[in-house]
Amino acid sequence: MPDDNRVHIPRHRPDARALAPDTANHAPTSPGTCLEPLARNRWILQDTSLLPTVSEELFQPQWLRQQGAITATRTGRRTTHFLRHEELDLVLRHYWRGGWIAKLSEDHYWWTGLARTRPLQEWHLLRALYDLGLPVPRPVAARVVRQGLWYSGDLITTAIPKALPLDEYIREGLDTPALWRGIGTAVARFHNAGTWHADLNVRNILVGPGDEVWLIDWDRGRLGVHRGLERNLTRLQRSLAKWSGTRERGARGWSHLLQGYNDERKPA
């Protein structure tokens, strides 16, 4: 029986699929995708199998409101818009800076080449994870707008139907031992694929019908990582302990989460 306070990382790791290195100024594209230059300083990357054409208005909340396309808005550290477009339920997220640097620039990032922009990197990572069969939203479109030495950007993904963030699930008393084990199992699946989540917290885990578990917000995530992945769980545990609404139930469920995690991470 594993110790409830330890995360066990087996020596054996399944082979992970790595992303192509972003070394050029022009971002690579995957099959079924299109990188469309709108002008010298604007680009849209899209999944053409979902949306054959994407207009720039799709990234503009004000225009979407005028069209009645926005169905909900969730605010927090980042504002997220839910919308209905072409019979698809989508999520629009603008890239906002956090921490002290946000006082200098709320949403502008240093330009080091198109391939290194955060929207395109997250889009490609999500596409790779989705193709691996991992529970992530499917990327639909990303936009990059360059302004001299800086850029800003947006990302559109499919929405997870009827899903709630984990902290809301906990506050409503819906977290069961089976759900906690399922969360541990889901995180282990990502780790088995060599995937690092840069900010695994209670808001970035969604729970859908039937206690399905999804991991969202893959900004600055990486694929092809095989060491130090247990720090994702340390970050999640800190997130649970941070809020009074999740602290007690999170502490009770943590041993079940580790059980699911450790069982899934055993060598084949």
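The values are calculated or read from the model by the stated rules, or taken from the named source; none is laboratory data. In this text, all values refer to a predicted model and were calculated from it rather than measured experimentally. All Cβ positions, glycine included, derive from the backbone under ideal geometry; neighbour counts span all protein chains shown. Accessible surface areas use protein heavy atoms only, side chains included; no ligands, DNA or RNA. Shrake-Rupley method; radii C 1.70, N 1.55, O 1.52, S 1.80 Å.
Quick notes on this structure:
- Surface calculation, 1.4 Å probe, protein heavy atoms: residue 74 sits at approximately 80 Å² accessible.
- Its alpha carbons give region 107-229 an Rg and a Dmax of 15.7, 52 Å.
- Applying 1/(1 + (r/R0)^6) with r as the Cβ-Cβ distance of residue 63 and residue 162 and R0 = 30 angstrom yields a FRET efficiency of 0.65.
- Region 109-268, relative contact order [Cα under 8 Å, separation at least 6], %: 26 percent
- Computed over the Cα atoms of region 165-219, the ratio of the radius of gyration to the Kirkwood radius (Rg/Rh) comes to 0.96.
- Accessible area of residue 107 in the full protein assembly, 1.4 Å probe (Å², nearest 10): 30 Å²
- Debye-sum result for region 55-97 in log10 I(q)/I(0), which assumes one identical scatterer on each alpha carbon, at q = 0.15, 0.21, 0.25 Å⁻¹: -0.33, -0.64, -0.88
- Residue 248-residue 220 pseudo-label distance in nm [points 7 Å out on the Cα-to-Cβ vector]: 3.3 nm
- For residue 158, solvent-accessible area (1.4 Å; no DNA, RNA or ligand), Å²: 30 Å²
- For residue 265, no residue whose modelled amide H falls within less than 5 Å of its own remains once neighbours fewer than 5 places apart on the same chain are excluded.
- Pairs of alpha carbons in region 134-188 whose separation is greater than 12 Å (percent): 77 percent
- Amide H contacts under 5 Å for residue 134: none, restricted to partners 5 or more places along the chain or on a different chain, H placed in the peptide plane at 1.01 Å from N.
- Under the simplified labelling scheme, the residue 112-residue 238 pair shows an inter-label distance of 2.2 nm, with each label point 7 Å from Cα along Cα→Cβ.
- In a simple Cβ point-charge model (Lys, Arg +1; Asp, Glu -1; nothing else charged), region 124-268 has a dipole of about 400 debye relative to its Cα centre.
- The length gained on full extension between residue 86 and residue 74, counted as 0.36 nm times the residue separation minus their Cα-Cα distance, comes to 2.2 nm.
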